[in-house]
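Here's the structure we're looking at; comments come further down.
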Amino acid sequence: MRIDLHTHSAVSDGTDAPADLVRAAERAGLDVIALTDHDTMDGIAEAVATGEEVGVHVVAGMEVSTRFRGRSVHLLAYGADITHPGLAAELTHIRAGRDDRLGPVLAKLAELGVPVTREQVMTQVGGSPSIGRPHIADALVAAGHVADRTEAFDRYLADGGPAHVPRYAVELTRGIDLVREAGGVTVLAHPWGRSTGEVMTPDVIRMLAYEHHLDGIEVDHQDHDAAAREQLRTLAGDLGLLPTGSSDHHGLGKVDHELGCNTTDPDVYAELMGRLKRS
Ligand code: AMP
Ligand code: FE
Ligand code: FE
Ligand code: ZN
């Protein structure tokens with residue numbers, strides 16, 4: 001059984017509609033995928049329906065924008081009840097923060113001599129309720145200012161870059177607590193990836209596991225080299241955390257993140273799903 005627990009559709013900053021993503025997963029030989037769009041579960045119903053047609057089990061998930069010691073940290077949440085009032089309110093707040101950030105980013109881009117309009121960005125956003133920097137990057141590409149998303153991030157949009165503007169995100173520990181209250185399970189996404197690595201020390205991960213019941217950490221991810229994976233796998237074993245693996249596929253939006261490029265062990269997956277039944 002091949003299981004990929006972290007994928008994005010065009011409902012956030014991936015490029016495939018949820019139905020197309022699930023069809024692509026079937027073609028890639030996957031039996032299970034979790035759709036984990038940023039801060040929204042709006043794509044889940046379409047993905048589940050297509051999954052039933054083509055024989056791929058779709059896990060309802062999302063990737064929640066959180067903050068820890070000033071750093072952006074991504075938290076994968078599976079099986080959470082999106083109608084839980086506290087969780088729903090936080091997600092609304094986070095998505096509003098994404099909207100609020102757009103104006104200041106566009107002002108900076110204009111100052112930097114690479115102007116794009118709100119309308120140009122919204123064309124890239126399409127129907128997504130979760131405006132992301134990749135959409136701004138796509139607008140910069142469409143306007144001819146940069147060649148691709150990577151160049152847009154490297155020159156302007158990356159954390160600390162000249163057009164970067166921070167946005168609201170929920171405190172990581174509160175995010176974990178809320179997802180759990182909403183009946184879901186939590187896995188720390190790419191803990192030693194880009195902006196996260198410096199704050200996610202083994203001590204911090206232990207605190208999250210012991211005091212907030214974090215369920216797992218994403219070990220096999222393209223942001224982690226072989227040494228990082230080995231250390232994270234050992235840490236997960238020591239702390240009783242479930243080690244997952246996944247692609248973080250974004251369609252055409254991220255190179256070297258093909259569906260199923262990393263997968264989750266079936267026993268780990270079964271344990272994770274088993275915990276959804278707890279009350
Ligand atoms: P946002 O959700 O608006 O904060 O943007 C973060 C998203 O941008 C991530 O989920 C990635 O998809 C993408 N991203 C972040 N950093 C980079 C980078 N350096 N190069 C390309 N894509 C990036
Ligand atoms: Fe993304
Ligand atoms: Fe992420
Ligand atoms: Zn992701």
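The values are calculated or read from the model by the stated rules, or taken from the named source; none is laboratory data. Everything numeric in this text was worked out from a predicted model, so none of it was measured. Glycine gets a Cβ as well: all are built from the backbone with ideal geometry, and neighbour counts include every protein chain shown. Just the protein is used for accessible areas: all its heavy atoms, side chains included, with ligands, DNA and RNA removed. Shrake-Rupley method; radii C 1.70, N 1.55, O 1.52, S 1.80 Å.
For this structure, a couple of remarks:
- If you take the alpha carbon atoms of the range 197-279 and fit the smallest convex hull around them, that volume is 119 Å³ per residue.
- Degrees separating the helix 202-212 axis from the principal Cα axis of the chain, which is the longest one: 70 degrees
- Across all Cα atoms of the range 1-125, the radius of gyration (one decimal) and Dmax (whole number) stand at 16.6, 51 Å.
- The phi-based Karplus calculation (6.51 cos²θ - 1.76 cosθ + 1.60; θ = phi - 60°) puts the 3J(HN,Hα) values of the range 140-150 at 5, 5, 4, 7, x, 7, 9, 7, 7, 4, 4 Hz, whole numbers, x for Gly and Pro.
- Seen from GLU90, the other residues with C-beta closer than 14 Å to its C-beta sum to a net charge of 0, counting Lys and Arg as +1 and Asp and Glu as -1.
- Taking amide hydrogens as placed 1.01 Å from N in the peptide plane, the amide H of GLU171 sits under 5 Å from those of ARG67, each at least 5 positions away in sequence or on another chain.
- For the chain, share of DSSP beta bridges that run antiparallel, in % to the nearest 5: 40 percent
- When all alpha carbon pairs of the range 91-157 are counted in 10 Å bins from zero, the resulting P(r) reads 23, 57, 19, 1 %.
- Carbon + sulfur, % of accessible area of the chain - ligands and nucleic acids excluded, 1.4 Å: 51 percent
- Burial ranking of peptide ranges 83-94, 54-65, 180-191, 123-134 (average Cβ count within 10 Å, highest at the top): 180-191, 54-65, 123-134, 83-94
- Mean Cβ neighbour count within 10 Å, used as a protection proxy, ranking 204-214, 240-250 highest first: 240-250, 204-214
- Computed FRET value (nearest 0.05) for GLU111 with GLU198, which takes r as the C-beta separation and R₀ as 22 Å: 0.15
- Given their separation in residues at 0.36 nm each and the Cα-Cα distance between them, LEU239 and ARG27 gain 72.7 nm when the chain is fully extended.
- Stretching ASP99 away from TYR168 to a fully extended chain increases their span by 23.8 nm, per 0.36 nm per residue minus the current alpha-carbon distance.
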